[in-house]
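Reading through the structure tokens given below for one structure.
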Amino acid sequence: MSRPVSPQPTELELMILKVLWRRSPQAVSEVREALAAEDRPLAHTSVITTLNTMVRKKYLTRVKEGKAFVARVMNQPKVWLIGNEHGLAA
């Protein structure tokens with residue numbers, strides 16, 4: 001059984017959103033490199049899975065550019081990110 005969908009972004013989703021708010025769009029490999037630079041190394045497949053979840057939640061859009069898919073943030077930072085339980089203010 002899968003985990004219920006969180007009404008707010010998870011800690012990892014917030015980290016990815018912050019990466020994409022700084023520069024968007026980005027390919028999966030670029031997002032992965034940015035997360036690794038922030039001491040959050042992940043497997044390529046884990047980043048893809050998280051980005052796909054974020055597309056389903058309508059946090060991101062995904063467009064094919066050449067051979068790669070790039071992720072783009074749909075909205076600017078939300079007010080609810082400031083002071084959230086993860087301590088990751090936008």
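Bear in mind these aren't lab numbers, they're just calculated from the coordinates by the rules spelled out. What you see is a predicted model, and the numbers here were worked out from it, not measured in a lab. Positions of Cβ are generated from backbone atoms using ideal geometry, with glycine treated the same way; all protein chains shown enter the neighbour counts.
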Report task. Check residue 53 against each of (1) closer than 24 Å to residue 5 by Cβ; (2) more than 11 Å from the chain's Cα centre (by Cα) and name the one condition it does not meet. Result -> (2)
Report task. Could you run through region 24-58 and say how many residues are of a type in the set (A, V, I, L, M, F, W, C), outside any helix (DSSP H, G or I) and under 19 Å from residue 11 (Cβ atoms)? Result -> 2
Query raised in the report: Within region 59-73, can you find the residues that are exposed (fewer than 14 other Cβ atoms within 10 Å of the Cβ) and over 11 Å from the mean Cα position of the chain (by Cα)?
Result: 63, 64, 65, 66, 67, 68
Query - Candidate set: region 17-50, residues that are in contact with a Phe, Trp or Tyr (Cβ under 8 Å, 6 or more places away or on another chain) and under 26 Å from residue 3 (Cα atoms); chosen: the one surrounded by the fewest Cβ atoms within 10 Å (Cβ to Cβ) - result: 28
Query raised in the report: Out of all the residues in region 59-74, which are of a type in the set (Gly, Ala, Ser) and within 21 Å of residue 11 (Cβ to Cβ)?
Result: 71
